[in-house]
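Contents: one structure, followed by commentary.
The values are calculated or read from the model by the stated rules, or taken from the named source; none is laboratory data. Being a predicted model, the structure only gives us computed values, none of them experimental. Glycine also receives a Cβ, built like all others from the backbone with ideal geometry; neighbour counts cover every protein chain displayed.
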Amino acid sequence: DAGVIQSPRHEVTEMGQEVTLRCKPISGHDYLFWYRQTMMRGLELLIYFNNNVPIDDSGMPEDRFSAKMPNASFSTLKIQPSEPRDSAVYFCASSPRQADNEQFFGPGTRLTVL
Amino acid sequence: AQSVTQLDSHVSVSEGTPVLLRCNYSSSYSPSLFWYVQHPNKGLQLLLKYTSAATLVKGINGFEAEFKKSETSFHLTKPSAHMSDAAEYFCVVGGGYSTLTFGKGTMLLVSP
């Protein structure tokens, strides 16, 4: 198994631009999670899906952030417009069972907004 | 409700000496507990997990952790540190069908 796949691995963009981060979970996993990691705030859960349906998006910082999961093998996290304070590492993780079970993390996307 | 406290933000050891990373948890349910490791510029990797079986859990790379319900602790140990163990370690609690709660992390520094 290839594990959780994220793309791109690095993204540098300018303030105001739209950014789309992509994730392919492990096949057969029913849960998908998006996290953001910064030095100041640590690891934050942004949103998670169960069987492609968003369950809890209370961690999404503001309306500029949106996430979709059109099918079981693909999810996107979009930031529009991006701001310098969005600079962080964004992780996608998937889990085969309930939301409180072990999660398998992707390598992350390092986003820099200038 | 659940929470997790990692008692040290940084731990420094010499290569070949024991490692102890401390973690206390709080949970309204019978908890699942995990330790994850994150090497620089990498994703989080599962080291070990406790899910109400044996209280002493063995993980990868010689790490182990002991679940102590009376102390609400789940400390991570390794008998002899290696340079490659230098990383950030996260204690995580789950249970009650809510999502995982991550600790703030402990940075392990290993000197030659």
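Yes/no matrix, rows are residues, columns are (1) surrounded by 19 or more Cβ atoms within 10 Å (Cβ to Cβ); (2) within 14 Å of chain B (Cβ to nearest Cβ):
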{"position": "A:SER7", "(1), (2)": "no, yes"}
{"position": "A:LEU43", "(1), (2)": "yes, yes"}
{"position": "A:ASN71", "(1), (2)": "no, no"}
{"position": "A:SER82", "(1), (2)": "yes, no"}
{"position": "A:VAL113", "(1), (2)": "yes, no"}
What is the one condition in (1) part of a strand (DSSP E or B); (2) in contact with a Leu (Cβ under 7 Å, 6 or more places away or on another chain); (3) within 11 Å of chain B (Cβ to nearest Cβ) that A:ALA67 does not satisfy? (3)
Just a yes or no: is a residue in region A:20-42 at positive phi and in a strand (DSSP E or B)? yes
Looking across region B:39-57 at residues that are of a type in the set (A, V, I, L, M, F, W, C) and in a loop (DSSP other than H, G, I, E, B), the single one that is modelled with the lowest pLDDT is B:ALA53
Of the residues in region A:97-106, those that are facing chain B (nearest Cβ under 7 Å) and either in a strand (DSSP E or B) or modelled with pLDDT of 95 or more (or both) come to A:PHE105, A:GLY106
Here are some residues: A:ILE26, A:ILE55, A:ILE47. Which one is without any contact (Cβ under 8 Å) to a residue 40 or more places away in the chain, within 30 Å of B:LEU48 (Cβ to Cβ) and of a type in the set (Val, Ile, Thr)? A:ILE47
Scan region B:1-17 residue by residue and report those that are assigned to a strand (DSSP E or B) and more than 12 Å from chain A (Cβ to nearest Cβ). B:SER3, B:THR5, B:HIS10, B:VAL11, B:SER12, B:VAL13, B:SER14
Which one of these does B:MET107 not meet: (1) more than 28 Å from A:PRO96 (Cα to Cα); (2) part of a loop (DSSP other than H, G, I, E, B); (3) within 14 Å of chain A (Cβ to nearest Cβ); (4) not hydroxyl-bearing (Ser, Thr, Tyr)? (2)
Scanning region B:58-72 for residues that are assigned to a strand (DSSP E or B) and buried (at least 16 other Cβ atoms within 10 Å of the Cβ), which turns out nearest to the chain's Cα centre (by Cα)? B:ALA65
So, in region B:79-98, how many residues would count as being crowded, with 21+ Cβ neighbours inside 10 Å and either free of Cβ contacts under 8 Å to residues at least 24 places away in the same chain or touching a Phe, Trp or Tyr at 6+ places or on another chain (Cβ under 8 Å) (or both)? 7
I'd like the full set of residues that are modelled with pLDDT of 95 or more, in a loop (DSSP other than H, G, I, E, B) and either among the charged types (D, E, K, R) or surrounded by 13 or more Cβ atoms within 10 Å (Cβ to Cβ) (or both), limited to region B:18-38. B:ARG22
